[in-house]
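Where a number appears in this text, it was derived from the coordinates with a stated rule and is not lab data. Model, not experiment: these values are computed from the prediction. Note that each Cβ is placed from the backbone with ideal geometry, even for glycine, and that neighbours are counted across all protein chains shown.
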Amino acid sequence: MHAATAHTRPINDANRLGLDYRAEANALTYAGPIVDVHTHLGSVASARLFFEAADHYGITHVWSMSPLEIIDELRDEFGDRIHFIAVPNYANKDDPDTFTTDWLKRIEAFADKGVKLCKFWSAPRGLDFAGDAFRLDSPIRKQGQKLAHALGMTFMTHVADPDTWFATHYADASKYGSKADQYPALERLLDEYPDTPIIGAHMGGNPENLDFIEAQLQRHPNYYLDTSATKWMVRELSQHSQRFIDLLTRYPKRVLFGSDVVTNDDNMAEHGYDLYASRYWALRTLMETDYHDASPIVDPDLHLVNPEVDPKSTASLRGLHLDRQTLQHLYHDAAYDLLMKS
């Protein structure tokens, strides 16, 4: 299968194939509601354009890591289509209080607004601006986890990045550690809060090694995953298609659909609709179809690991053609049962 509308629209980094994303949405056959548990809606104006794309691709509800300060504005306009995830004030990341005392205050402030999901972002690059306080098991992080748990929050974690980054950005293992070094703290967290669901963002940070991820799911019934980080997921899950299908079959409703769409006024102004729609086209095409061709989204990691590769290169996308029940679990039921049922 190939895209029917290739070369019909202007080319940009979110649309190297020149697709008509509106028309392409109509060609996808899954008709049920889709819940996206991993977005970053950064302004009301960009959220309006985002929801235009979301409507075309059947996205009925999203969870967003939006700034605390704009939650009320977003709710006033979009109602319960948006649920929120508590996060630090990343816009003020150079202030050391952002990830210590201010973070604890914000967890409480998010909870006061009814937010029930709290993100503990512990990617290795966080060490560059917060030092050891950023580690998932640092004293201040453990204090935040205790507070979020007392407030009845579900957790989301981000503990590792692509293998390509450990070969490049994180090549200094004496500073960042290896990829394997990122997981013991997560294992301890899962053991410490067995009654708290914990969602591992970006397929637990390891779509390259689904055997490792499955072992974590076996050990920890409270552990869930999301499919966010579209470029990364397209690249890796296309290469491990049967292994991913096996994982979804053995662990129904433990994998939630997520995109990692980021919206703000700047990216809205430049190819905004294509940027937002491209993530849903790529993920839905990956999950639903037998498409086997190029992804339309520039993947900087390809050039990062091999400078001879064109910086505008895209990964190969090999569709998984999941069955209807598996799609329903992934797209809707997993998120509904975990985050929406009560």
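5 Å is the cut-off here: which amide hydrogens, built 1.01 Å from N in the peptide plane, fall below it relative to Thr314, excluding neighbours closer than 5 in sequence?
Amide H to amide H, under 5 Å and 5 or more residues apart or across chains, Thr314 pairs with Asp299.
Give the Rg/Rh ratio for the range 191-342, taking Rg as the radius of gyration of the Cα atoms and Rh as the Kirkwood radius, to two decimals.
0.99
Residue by residue, what Karplus-based ³J(HN,Hα) values in Hz, rounded to whole numbers, does the range 113-118 have, using 6.51, -1.76 and 1.60 with θ = phi - 60° and x for Gly and Pro?
After applying 6.51 cos²θ - 1.76 cosθ + 1.60, I find 8, x, 6, 10, 10, 10 Hz.
Ordered by residue, what ³J(HN,Hα) values in Hz, to whole numbers, does the range 7-19 give under the Karplus form 6.51 cos²θ - 1.76 cosθ + 1.60, where θ = phi - 60° and Gly and Pro are x?
Rounded to whole hertz, the list is 6, 9, 10, x, 7, 8, 5, 9, 7, 6, 9, x, 7.
Place a +1 charge on the Cβ of each Lys and Arg in the chain and a -1 charge on the Cβ of each Asp and Glu, then give the dipole magnitude about the Cα centre in debye, rounded to the nearest 20.
Dipole magnitude for the chain comes out near 660 debye.
Using only Cα atoms, find the angle between the long axis of helix 272-288 and the longest principal axis of the chain, and express it within 0 to 90 degrees, rounded to the nearest 10.
80
Taking amide hydrogens as modeled 1.01 Å from N in the peptide plane, which residues meet the under 5 Å criterion relative to Thr289, leaving out close sequence neighbours?
Here the answer is Leu320, His321, Leu322, since their amide H atoms fall under 5 Å of that of Thr289.
Among the lysines, which fall within straight-line cross-link reach of Lys105, defined as a Cα-Cα distance under 19 Å, with same-chain neighbours fewer than 8 residues apart omitted?
Within the straight-line cut-off, Lys105 pairs with Lys93, Lys113, Lys116, Lys119, Lys142, Lys146.
Below 8 Å between Cα atoms, with a sequence gap of 6+, how large is the relative contact order for the chain in percent?
Numbers: 625 pairs, mean separation 74.9, N = 342.
Once divided by the residue count of the chain, the mean separation gives 22 percent.
Just to confirm the number: angle between the C-alpha axis of helix 210-219 and the first principal axis of the chain, 0 to 90 degrees, nearest 10?
Once rounded, one gets 40 degrees.
Would you work out which of Gly42, Gly131, His83 lies farthest towards the positive end of the dipole of the range 1-147? Charges go on Cβ: Lys and Arg +1, Asp and Glu -1.
The residue sitting most towards the positive pole is Gly131.
Place a +1 charge on the Cβ of each Lys and Arg in the range 123-252 and a -1 charge on the Cβ of each Asp and Glu, then give the dipole magnitude about the Cα centre in debye, rounded to the nearest 20.
Here the range 123-252 has a charge dipole of around 200 debye.
Tell me which trypsin sites (Lys or Arg not before Pro) from the range 42-151 have a DSSP coil assignment and no more than 15 other beta carbons within 10 Å of their own.
Lys93, Lys113
What residue among Thr263, Ile297, Trp281 has its Cα farthest toward the positive end of the dipole of the range 218-342, where the charges are +1 on Lys, Arg and -1 on Asp, Glu, each on the Cβ?
The one lying farthest along the dipole's positive direction is Trp281.
Rounded to the nearest 500, what is the chain's calculated 222 nm mean residue ellipticity when only DSSP H runs of at least 4 contribute -39500 (n - 2.57) each, over all residues?
-11000 deg cm²/dmol, from helical runs alone.
Could you list which residues have their amide H under 5 Å from that of Asn15, counting only those 5 or more apart in sequence or on another chain, with H placed in the peptide plane?
Those lying under 5 Å, H to H, from Asn15 are Val298.
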